[in-house]
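Working notes for the structure below.
The values are calculated or read from the model by the stated rules, or taken from the named source; none is laboratory data. Note that the structure is predicted; figures quoted are calculated from it, not measured. Using ideal geometry, Cβ is built from the backbone for each residue, glycine included, and neighbour counts are taken over all protein chains shown. Side chains are part of the model used for accessible areas, which takes the heavy atoms of the whole protein and leaves out ligands, DNA and RNA. Shrake-Rupley method; radii C 1.70, N 1.55, O 1.52, S 1.80 Å.
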Amino acid sequence: MAGLPATVDPRKSKTDEALGPANTLWRDALRRLLRHHLAMFGAAVLIIVVVMGIFGPAITPYDPNGMDFSNRFGNPSMQHWMGTDDFGRDIFSRIIIGARVSLQVGFVAVSVATIVGASLGLVAGYSTRLTDEVIMRAMDVLYAIPAILLAIAIVAVLGKGIGNTMIAIGIVYIPIFARIARAAVLGIRNEEFIIAAQAMGAGDIRILLTHVLPNVLSPIIVEITLSLAFAILAEAALSFFGLGTQPPDPSWGRMLSEGRDFFRQSGWMGVFPGLAIFFTVMGFNFLGDGLRDALDPKLRR
Amino acid sequence: MNYQYVLQRLLSAIVVVLGVTIVVFIIVQIVPGDPARVMLGPYASDEAVLGLRERLGLDRPILEQYLLWLGRAARGDLGQSLLNGQEVAAQLWGRIGPSFELAMVSLAIGLAIAFPIGMISALKPGSVVDVVATLFSQIGVSVPTFWMGILLVIVVSLNLGLLPPSGYTPIAEDPGDWLAHIILPAFTAGFVSASIQTRFIRSAMLDVLNANYVQTARAKGLAERAVVVNHALRNALINIVTIIGLQITALFSGIVIVEVVFSWPGLGRLALNAVEERDYPLLQGAVLVVAVMVTMVNLFVDLLYFLLDPRIEYV
C-alpha cells in the first residue's frame, strides 16, 4: 500500500495531474521520504550533528583544549557528561568541536568525488567507445586498490593534514560516482528526447548539462548521501592513524587513537568518540536508504 | 565449454594490474619537491641527495624510469627499503601470509554470520527475524571498524582477559595460539562485511524464491526443504558468489585497519609504517602487492562463477 495516495480525487483528470506543478516528481519523493521512519531518524541525528558543527565553539560547556590535571580520566558526571581525558579536557566539548571537522571533511571529499566522478561518468557514457573504455578502465584500477590503503598512499604523498585527507578521500570515491553516472547515462542516451535534442542541433555539452544531468540526478543524490557516511568513516580512520587532523585540534578519530594508551585507566575515552562517529555515519546511511526508496519507488523491496 | 569468458577475465585482470603499477609508480612521482630530498629529510647533504637520485634513476626521462621500474618489478625486484636497506620484496613476502590468513578467516566469519541471517530473513520476509536482520545490517555498516576493534580489546582482552589484545603466532608454530590471536581481528573485519553481505544474501534469495521455477517446484508437491535447498539455494548461490567477489576490495580495506588496531604483522600495517617512515619504495610495494592480491581473488571468484553457472557463455 505504501506509495499509493490515500484518496483519489475523482474530479481530477489525468491531464490535470500531468499539467500540475513542474516539480511534482521531487515533491512526491519528499512526501515518501517524510514517511520513511528510519530516514527521518537519520535526518534528526544529522540535524544535531550539523548544529554541533555550526555552533560548536559557542555551545561547548568547557574550552575543548583547556587542560585540568587535577581532573584526569574523569568518569561521566554531572559536570563532565562524557568524562575527561588524559589531560583532564572535557570529552563532551571535544566531541562537539569534532563534529565540524567530520562534516567539513565529508562535504569537501564528497564534493570532489561527485564533481570529478560524475563528470567522468557522464563523458564516458555519452562519448565514443574508446573514451569510455579508457575512462572506465582507469576507474577499475583505482577501484582495485582498497579504499583505505589508497587514501593512506595519497596522504603519504601529499603530506599529513586535514586538507590533504579531504582530497585523498575524494579521489578514492571518484570511481563510484563515475560508474553510477555512466550507468545512468547509458540507460537514457538513446531515449527520444536526447535524439530530438541532437536533431535540433544542440551541442554535446549542452545536451549533457540540460538533458542528461537532470535525469541521472536521483542515483547521484542517493550516492552522495551514502558516500558522506563512508567519507566520515574514512576521515576517522585516517585521523586514527595519525594522518588526518593534527594536534591539538580534536577529531573523533584522533580522540580514539589518543585514548588507546589509556583504556586501562578510563575505557570511556574509547566509547564516546566512537559513538559520535557511529551515530553520524548511521544518520547518513539511514537518510541515504530512505532517499533511495523515495526517489526510486520501483526499486523498493 | 567456452573459454572466451575465462580469457576475457584474465585479460582484464592483467590490464588492471598494469594500471595499478602505473598508479603506484606515479605515487612517488608526485611527491612535492624532489622525491630524493623528501625521502632523505631536510638535513641531508647535496651529495647524498644526488646519490639517491642516481640510484633511483630519477635523472632519466619519466617513461624510461617507469619501464625500468616495471621490468625490475616483474622480476620480483621492488627495490630497497630506504630505512634499513633491506629488499622490499623480501619484507613484503613475509607479510602476505598473515594478511591472507586474516582475510580468509574474516570472510569465513562474515559468511557464517551473514548466511543464516540472510537466508532466514528471506524465507520469512516481514517476520521479527527479518526486521532485526535488516536493522542489524543497517547498523553494522555504520560501525567504524577500528572502534569495534578497540571496544573488543577493552572488553574481551583487558576486562575479561579471554583473548590476547594483539600480536601474531604463525600457524605452523602453534595452531592454538594462532587461533587465539586471530579471533578478535577476524571477527572485527568479518562483522562489518557480514552486515553488508546479509543484505545481499537476503535480496538474492528473495529474487530466486519469487521465480517461476520455484513456484513450479512447490506446485508439484515438493517438500519445502527440497524446494529451498535444491531449487532456490543453488541458483541464489550464483549471485551470492558474485557479491562476495565485489566485496573483496572492501574486505581488504577493513583488513588494513584491523591490522593496525591489533598489531597484526600484515601488509596493511607495513604500508602504514612505511608512510610514517617516508619509506616510499616499501609503500609502493605494499600497495602493489595488496592490489594484485585483490585482483587475483576477484579473478578466482569470477572463474568460480563460471563453473557454478553453466549458462555463462559470454561473448
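Annotations
- Global geometry of the protein assembly as shown, whether rounded, prolate or oblate, following the gyration tensor of its Cα atoms and the 1.5 cut on a/c: rounded
- Sorting the segments A:111-121, B:184-194, A:173-183 by their residues' average number of neighbouring beta-carbon atoms within 10 angstrom, most packed first, yields B:184-194, A:173-183, A:111-121.
- List of region A:141-161 residues, accessible area with partners at least 40 Å² below that of the chain alone (1.4 Å probe): A:141, A:144, A:145, A:146, A:148, A:149, A:152, A:153, A:156, A:157
- Solvent-accessible area per residue, Å², over chain B with all protein chains present [probe radius 1.4 Å]: 48
- Solvent-accessible area of residue B:148, all protein chains in place: 20 Å² (probe radius 1.4 Å, heavy atoms, ligands and nucleic acids excluded).
- Kirkwood hydrodynamic radius (C-alpha pairs) into Stokes-Einstein, region A:82-239, 4 °C and 1.567 mPa s, D in µm²/s: 75
- Gyration tensor (alpha-carbon) shape descriptor, chain A, a/c threshold 1.5: oblate
- The calculated 222 nm mean residue ellipticity attributable to helices in the protein assembly as shown amounts to -23000 deg cm²/dmol, summing -39500 (n - 2.57) over DSSP H runs of n ≥ 4 and dividing by all residues.
- Probe 1.4 Å, protein heavy atoms only - accessible area per residue of chain A in square angstrom: 49
- Solvent-accessible area, 1.4 Å probe, carbon plus sulfur percent, for region B:205-279: 51
- Each residue of region A:275-285 is assigned a 3J(HN,Hα), and the resulting list reads 4, 4, 4, 4, 5, 5, 4, 4, x, 5, 5 Hz, derived from the Karplus form 6.51 cos²θ - 1.76 cosθ + 1.60 (θ = phi - 60°), x at Gly and Pro.
- Rounded to 10°, Cα long-axis angle of helix B:267-276 versus longest principal axis of chain B: 40
- Interface A:B - total buried accessible surface [probe 1.4 Å, Å², rounded to 100]: 3800
- Residues residue B:100 and residue B:212, FRET efficiency given R0 of 45 Å [Cβ-Cβ distance, rounded to 0.05]: 0.60
- Solvent-accessible surface of protein heavy atoms, probed at 1.4 angstrom with all chains present, puts B:69, B:93, B:264, A:268 in the order B:93, A:268, B:69, B:264, largest first.
- Taking a ≥ b ≥ c as the square roots of the eigenvalues of the Cα gyration tensor, region B:46-94 is oblate, since a/c reaches 1.5 or more and a/b is not larger than b/c.
- Put simply, the amide H of residue B:80, placed in the peptide plane, has neighbours under 5 Å in B:88, leaving out anything fewer than 5 places away on its chain.
- Delta accessible area of at least 40 Å² on complex formation, residues of region B:149-167, 1.4 Å probe, chain isolated as reference: B:150, B:154, B:158
- 3J(HN,Hα) from dihedral phi, region A:114-126, Karplus parametrisation 6.51/-1.76/1.60, rounded to Hz, x for glycine, proline: 5, 5, 5, x, 5, 4, 4, x, 4, 5, 4, x, 9
- Residue-by-residue Karplus 3J(HN,Hα) for region B:280-289, coefficients 6.51, -1.76, 1.60, Hz, glycine and proline x: 5, x, 5, 4, 3, x, 5, 4, 4, 5
- Share of carbon and sulfur in the accessible area of chain A stands at 64%, probe radius 1.4 Å.
- Per-atom-type breakdown for region B:1-118 gives carbon and sulfur 67% of the accessible area (1.4 Å probe, protein chains only).
- Shielding by partners for peptide B:287-300, expressed as the average number of C-beta atoms from other protein chains within 10 Å of each residue's C-beta, is 2.
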